[in-house]
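Reviewing the structure listed below.
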Amino acid sequence: GGYRVLRGGVLIATTATPGYSDTGLTAGSTYLYAVLAYDNAMPANVSAMSSTASVTIPVVADTTAPTVPQNVAATAVSPTQVNLSWSASIDSGGAGLAGYRVFRGGTQIATTVAANFSDSGLTANTAYAYTVRAFDNATPANVSAESAAANVVTPAVNPVGGLDTRPVNASCLAGAR
């Protein structure tokens with residue numbers, strides 16, 4: 001004889017001894033268990049189902065911040081736009097990486113899930129310093145330390161009307177007088 005273990009009304013195990021360890025469950029989920037006993041008769045005599053036991057798997061708190069974003073690079077692509085990129089962070093605390101907070105001059109300007117960001121609306125011929133912090137899905141979120149700064153200077157605006165005003169290969173079309 002032995003025991004039949006049911007989770008949510010579905011047979012998940014048969015064991016010869018009382019007790020069973022169920023693994024591979026999801027944190028924060030609730031499971032319902034019941035047990036049936038059976039003997040060695042052919043066919044086996046099976047007991048009525050036990051009362052149902054409800055078990056909620058606890059959520060393990062994630063207190064580990066993701067790794068600090070590395071290799072932050074800032075490239076001025078125009079007088080008013082800087083493109084940023086960095087190496088992706090890793091979250092080993094269990095909650096999973098949620099994204100990045102982008103800072104310009106120490107002030108947060110954006111949140112992104114990608115390991116890059118385009119900052120526009122900037123002023124030409126101006127120095128900017130960018131840093132990035134990674135954060136995870138924990139509640140509250142764990143936030144990495146600030147990355148090393150990436151410094152960049154936007155280029156000056158090209159002057160308008162900088163063309164040579166002298167005519168080239170021009171011929172006079174006015175008639176002779």
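The values are calculated or read from the model by the stated rules, or taken from the named source; none is laboratory data. None of the values given here were measured: they were computed from a predicted structure. Cβ placement follows ideal geometry from the backbone for every residue including glycine, while neighbour counts extend to all protein chains displayed. For the accessible areas, the whole protein counts, side chains as well, though only heavy atoms, and no ligand, DNA or RNA atoms are used. Shrake-Rupley method; radii C 1.70, N 1.55, O 1.52, S 1.80 Å.
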Filter result for Val82 (in a loop (DSSP other than H, G, I, E, B), open to solvent by less than 60 Å² (accessible area, probe 1.4 Å), of a type in the set (Val, Ile, Thr) and at pLDDT 95 or above):
no
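Residues that are at pLDDT 90 or above, within 18 Å of Ser85 (Cβ to Cβ), open to solvent by less than 80 Å² (accessible area, probe 1.4 Å) and in contact with a Ser or Thr (Cβ under 8 Å, 6 or more places away or on another chain): does the stretch 154-171 have at least one?
yes
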Would you be able to say whether some residue in the stretch 119-135 is modelled with pLDDT of 95 or more, of a type in the set (Ser, Thr, Tyr), part of a strand (DSSP E or B) and open to solvent by 40 Å² or more (accessible area, probe 1.4 Å)?
yes
Residue that is farthest from Ser85 (Cα to Cα), among those in the stretch 108-118 that are of a type outside the set (Val, Ile, Thr) and in a strand (DSSP E or B)
Gln108
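Matching residues to (1) over 20 Å from Val152 (Cα atoms); (2) β-branched (Val, Ile, Thr):
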| residue | (1), (2) |
| --- | --- |
| Val113 | yes, yes |
| Ser120 | no, no |
| Ala124 | no, no |
| Ala134 | yes, no |
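Test Ile57 against the stated conditions and say whether it is under 20 Å from the mean Cα position of the chain (by Cα) and of a type in the set (A, V, I, L, M, F, W, C). Can you show your working first?
Values: under 20 Å from the mean Cα position of the chain (by Cα): no; of a type in the set (A, V, I, L, M, F, W, C): yes.
For Ile57, the condition - under 20 Å from the mean Cα position of the chain (by Cα) and of a type in the set (A, V, I, L, M, F, W, C) - is not met.
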Give all pairs with beta carbons closer than 6 Å in which a residue from the stretch 104-121 that is over 22 Å from Asn137 (Cα atoms) meets a residue that is surrounded by fewer than 14 Cβ atoms within 10 Å (Cβ to Cβ) and at pLDDT 95 or above; count only pairs at least 6 apart in sequence or on separate chains.
Gly105/Ala129
How many residues does the stretch 22-78 contain that are over 30 Å from Gly2 (Cα atoms), of a type outside the set (Gly, Ala, Ser), open to solvent by less than 60 Å² (accessible area, probe 1.4 Å) and not in a loop (DSSP other than H, G, I, E, B)?
1
Between residues in the stretch 1-16 that are under 13 Å from Tyr31 (Cα atoms) and of a type in the set (A, V, I, L, M, F, W, C) and residues that are open to solvent by less than 70 Å² (accessible area, probe 1.4 Å) and not in a strand (DSSP E or B), which pairs lie under 7 Å by C-beta distance while being six or more apart or on different chains?
Ile12/Asp22
Val102 - would you say it is among the aliphatic types (A, V, I, L, M), crowded, with 16+ Cβ neighbours inside 10 Å, modelled with pLDDT of 95 or more and on the phi < 0 side of the Ramachandran plot?
yes
